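Report on the structure given below.
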Amino acid sequence: MNKIKCECGHVNPEGTVLCEACGKPIEENQHIDGNNQKRLLNMRYEGSSRRSLTYNKSIIDKIWRFFSSVKVGVWLIVIALVASTLGTIFPQAIYIPENAASRDPAIYYEDQFGIFGKVYYQLGLYDLYSSWWYMILIALIGISLVICSIDRFVPLRRALKMQKPKRHETFLNRQRLYSVSTNISHEDRHHLKKMLKKLRYRVRNEDGHILAEKGRFSRWGPYVNHIGLIIILIASIFRMSPFLYMEDYVWTREGEQKVIPGTSGEYYIENKEFIIEMYDEDDERFKDAIARMGGRAEKNFQSNVVVYKNTDVSVPGAEPKLEKVKEGQIELNHPLKFDGYALYQSGFQENEFSNMSFKLYETNDPDQKAIENFTVDLASPETEYKFDNGLRVVIDKYYPNYYLDEDYGEPRSESNDPWNPAFVFKVYSPDNESPEISFAGIGRNIDPTGENQYKLGITDFETHDVSGLSVRRDYTLPLFGLGALIFMVGVVQGMYWQHRRIWVHPKGEGILLAAHTNKNWFGIKKDIERMIAGTNLQMVVDQQTTKKNNEIKEDNDE
Amino acid sequence: MRLDNANESKKNRKRNRLIFRLIVLTVLVAAVAYALIMNAKKGNTIYGIGDQAPDFQLQQVNKNNELETIQLSDLEGKGVMLNFWATWCKPCEAEMPYMEELYPKYRDNGIEIVAVSLDSTEPVIHQFIEKYNLTFPILYDNRKEVNDLYKIGPIPSTYFIDEKGEIVEKVEGGLTLDRLEGYFKKIQPETDK
């Protein structure tokens, strides 16, 4: 590889398109930026030598070159977009509804969506976003981002640092904004310089050649932006470590104390109370809206809880030694935080049965007057109720969520939850040898033999609510925040400022004037108008609109 | 002489560039590899085959069995079938008679069955024990600690643990009598074979 020495004396790295110092196009490299076909110079990356385009020796260089291509990066993004879209055709495996006939993806998709569902499952699209190939795709975009940025930032910075006020004539007359003025007086030249300073350009002078520059830092916007993106990617990698990020869910009944999942048995929660507040239906302001909502509009979901710490976690399952850590309330978007964990209000189940009261009465008593009363606590039911008159009621069977099963032909409970409690009672009386059996539940009171002397009836019940809380520990959030902030700084930097440059080139009695900006050409023209007002200088001409055959596209630096 | 120097410095720069690129690529590849490994592990943060079964201690509630509490680590030296179940779960109910059928024989061969119930109340467990006349230890995980420890999803879920406390087999879903006996033979301690 050979360095290229420009006629101005500056030695450029191989692959340079425009001399770093004087801007003269380097003959043999004009094809790289397509300058050979166009009148105007492509100012992208200042015509600097992107190293990836020049070295191609070892395997490392080849890999580097592959990833340094923006074209490759764009294709990776397109592929990732298409892949992501595929994942939205049918619900992902984690969203298979709880009540699906089969939650096994192998069965569910074919069952629900037929042949397409089967193909969807076989292609592994049911768990797309954590599949290895999707992750690799995203990772490749990340790699491309890093390498593209390094590969452009370094030479761009070098070129901007190297640039000299004294530019080659061709560099000027192939700029988009250009004018030639003849017979410019010394006063006008002086005025020019004064005006540039007044317009807050940084003015550099070399033998009468002027480079006025402003807003160079906006050129770093895209790179700052990419640093933000990379931090976000790093944060999402950290998020995979269970120590830095954990998410779980716990259902707690009012009055219940249980372990908080995901905390290795270290923390316990007690749900004191779950509250739903409604908007007042009679309030004039809300009346119509509530009617539209179907007569119910929640204002607040709240759990009042106590968090305990288990000071003896040596053997899980053993009686815990609990110490109160925090007592407080959890509302929507107002989590309870303790020791790095946060509890969010995320669900509820209203009106589970907490206890049921029964009366015992004689079958042939038309008034059904209670002989005895007793209450069954459904959270931890007693199985035997003894009374002074010698009667004894025993719970033979308890079904928290009763239904009559077709297959078994017997009563069963559908789940743990006391949503439809039913009982088989045995009533022992001193008069009878064998107990009487009766079945009681909500709306059910069955005497299987029809000969029972005693009957049981539900007199009362109490209910409680169940609160669903998501448990989260997330140490990566500040990193996401930092990444997003840097991202935004980069966007603002690149969007709201422009890198404007004006070159003044004395030629004999006259002056060549050229200008370049990376965006907002209108703005720089305004600057030039103000600068030359009252002088003999010619206003610059936009060569892009005047030269017919010039089909140069406006290129951004990204 | 000057040409030599120039060549020398060029060589150096070239080498530095290669080293720089190598470092950047290595860091990136390492980050990707880490992400992939973590992602692969995420699916089974639960204990799996080859892992040491984590210890726990729970109340034994089966009146047909003499033990009061069971600590898993105390069963070292025995093969253990650790079964998670609940009374309302049909496939759990289906495999219980098989377990009871094989229990007396394999108990003498150094195998213990530990069935952890995930029910919310104790009476339902007693009803169930009575229905099937179960004699092996039934544990009651009332605070759902062990459930969380093993990250049990759908039940039944069964772990077969060898005499050293290592998980040899993990079965999601119900078992048939033949399969159950096969697994028992697998975890039977050497000395009792």
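Quick look at the values:
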| item | result |
| --- | --- |
| Members of region A:25-35 that are more than 17 Å from residue A:169 (Cα to Cα) and part of a helix (DSSP H, G or I) | A:28, A:29 |
| Selection status of residue A:200, exposed (fewer than 15 other Cβ atoms within 10 Å of the Cβ), touching a strand residue (DSSP E or B) at 6+ places or on another chain (Cβ under 6 Å) and closer than 30 Å to residue A:510 by Cβ | no |
| Residues located in region A:427-446, provided they are among the polar types (S, T, N, Q) and more than 60 Å from the chain's Cα centre (by Cα) | A:429, A:432, A:434 |
| Conditions (1) modelled with pLDDT under 90; (2) farther than 30 Å from residue A:301 by Cα; (3) crowded, with 17+ Cβ neighbours inside 10 Å: number failed by residue A:464 | (2) |
| Residue identified as more than 20 Å from residue B:74 (Cβ to Cβ), of a type in the set (A, V, I, L, M) and at pLDDT 85 or above among B:139, B:175, B:180 | B:180 |
| Matching residues in region A:331-365 - criterion: being over 22 Å from residue B:144 (Cα atoms), hydrophobic (A, V, I, L, M, F, W, C) and not in a loop (DSSP other than H, G, I, E, B) | A:356, A:358, A:360 |
| The lone exception for residue A:226 - which of (1) part of a strand (DSSP E or B); (2) buried (at least 20 other Cβ atoms within 10 Å of the Cβ); (3) within 14 Å of chain B (Cβ to nearest Cβ) it fails | (1) |
| Matching entry among B:108, B:74 (being surrounded by fewer than 16 Cβ atoms within 10 Å (Cβ to Cβ), of a type in the set (D, E, K, R) and within 18 Å of residue B:161 (Cβ to Cβ)) | B:74 |
| Residues (within 14 Å of chain A (Cβ to nearest Cβ) and assigned to a helix (DSSP H, G or I)) located in region B:98-137 | B:122, B:123, B:124, B:125, B:126, B:127, B:128, B:129, B:130, B:131, B:132 |
| Of all residues in region A:467-490 being buried (at least 17 other Cβ atoms within 10 Å of the Cβ) and in a helix (DSSP H, G or I), the one that is nearest to the chain's Cα centre (by Cα) | A:480 |
| Residue that is nearest to residue B:25 (Cα to Cα) [pool: residues in region A:139-193 that are hydroxyl-bearing (Ser, Thr, Tyr) and part of a helix (DSSP H, G or I)] | A:144 |
| Matching option when the condition is in contact (Cβ under 8 Å) with a residue 12 or more places away in the chain, of a type outside the set (Lys, Arg) and within 26 Å of residue A:421 (Cβ to Cβ), among A:330, A:276 | A:276 |
| Test: residue in region B:86-96 that is over 22 Å from residue B:162 (Cα atoms), more than 8 Å from chain A (Cβ to nearest Cβ), among the acidic types (Asp, Glu) and surrounded by 11 or more Cβ atoms within 10 Å (Cβ to Cβ) | yes |
| Number of positions in region A:394-429 that are assigned to a loop (DSSP other than H, G, I, E, B), touching a strand residue (DSSP E or B) at 6+ places or on another chain (Cβ under 8 Å) and more than 9 Å from chain B (Cβ to nearest Cβ) | 3 |
| Matching option when the condition is among the acidic types (Asp, Glu) and farther than 21 Å from residue A:499 by Cα, among A:14, A:20, A:46 | A:14 |
| Residue that is nearest to residue A:157 (Cα to Cα) [pool: residues in region A:223-281 that are of a type in the set (Gly, Ala, Ser) and at pLDDT 90 or above] | A:228 |
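Conditions tested, residue by residue: (1) part of a loop (DSSP other than H, G, I, E, B); (2) modelled with pLDDT under 85; (3) charged (D, E, K, R).
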site	(1), (2), (3)
A:40	yes, no, no
A:49	yes, yes, no
A:63	no, no, no
A:66	no, no, no
A:73	no, no, no
A:83	no, no, no
A:90	yes, no, no
A:100	yes, yes, no
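For every residue, the table says whether it meets (1) out of contact with any helix residue (DSSP H, G or I) (no Cβ under 7 Å at 6 or more places or on another chain); (2) closer than 30 Å to residue A:417 by Cβ.
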{"residue": "B:49", "(1), (2)": "yes, no"}
{"residue": "B:53", "(1), (2)": "no, yes"}
{"residue": "B:56", "(1), (2)": "no, yes"}
{"residue": "B:66", "(1), (2)": "yes, no"}
{"residue": "B:70", "(1), (2)": "yes, yes"}
{"residue": "B:74", "(1), (2)": "yes, no"}
{"residue": "B:77", "(1), (2)": "yes, no"}
{"residue": "B:86", "(1), (2)": "no, yes"}
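Residue-by-condition table, conditions (1) under 26 Å from the mean Cα position of the chain (by Cα); (2) loosely packed, with under 15 Cβ neighbours inside 10 Å:
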{"position": "A:96", "(1), (2)": "yes, no"}
{"position": "A:137", "(1), (2)": "yes, no"}
{"position": "A:140", "(1), (2)": "yes, no"}
{"position": "A:144", "(1), (2)": "yes, no"}
{"position": "A:147", "(1), (2)": "yes, no"}
{"position": "A:165", "(1), (2)": "no, no"}
{"position": "A:169", "(1), (2)": "no, yes"}
{"position": "A:173", "(1), (2)": "no, no"}
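The values are calculated or read from the model by the stated rules, or taken from the named source; none is laboratory data. Being a predicted model, the structure only gives us computed values, none of them experimental. Cβ atoms come from the backbone with ideal geometry, glycine included; neighbour counts cover every protein chain shown.
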